[in-house]
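Working notes, beginning with the structure itself.
Only the coordinates and a few stated rules stand behind these numbers; no lab work does. This one's a predicted model, so the numbers in the text were calculated from it and none came from an experiment. Here the Cβ is made from the backbone with ideal geometry for all residues, glycine too, and neighbour counts use every protein chain on show.
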Amino acid sequence: MTVEKFLVNPEVLRSLYGRIPPLTEIRVRSINLNWRGPTVTLRVDLPSYPEPAPQEWTDAGLDTVQCQFQFLAAEGISLADWNPPALGGLEMAPYGTGRRMRVTFKGEGLSLEFDCSESVHVGHVSAFRISENGLDDGRHLFVSKIDARRHGSLPGTQDRTFYER
């Protein structure tokens, strides 16, 4: 089953890659659990860089694309072995009755499973240059004009408008 079927707004990734990149070998940077919804938001590095990349990204020497996947009406969350950043594969498959799906991430540094609504929102897409030690704490160039205006790098985790909406 293709992940694209579950994305509410696939055009943001399609505009960069021409397709939706496979979610194998992604790096999970953070997990935000919010009681509103309830919602699970994963901040991830995508496994490949777009070819060709936007000229502004090329000029800035960026090499990694990051985004958030937001899952609504989450329940039955199982989280183990959290040692970020975690490298592995994200799978989404229909589950049970109604418009529900099972989300599974298994890999080095994380085991995560939960059920949620069959609609995933892609948000806060940015590019950055990964540091030698693997951190993403440098300059980020955001696709969204609002994000670009508000942020030059990742905001602190206390910024609820970035991590929870």
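Structural remarks
- Contour excess over end-to-end distance, with Cα ends at E51 and R102 and 0.36 nm allotted per residue: 15.3 nm
- Normalising by residue count, the chain has a Cα convex hull of 112 Å³ per residue.
- Average Cα contact separation per residue, the stretch 3-154, under 8 Å, 6 or more apart, as relative contact order %: 22 percent
- Most tightly packed first, judged by the mean number of other beta-carbon atoms within 10 Å of their residues, the peptides 154-160, 87-93 read 87-93, 154-160.
- Modelled spin labels at E91 and R160, positioned 7 Å past Cα toward Cβ, are 3.6 nm from each other.
- Rg and Dmax [Cα atoms of the stretch 11-109; Å; Rg one decimal, Dmax integer]: 15.0, 48
- Centre-to-centre, using Cα atoms only, the stretch 3-77 and the stretch 88-138 are separated by 8 Å.
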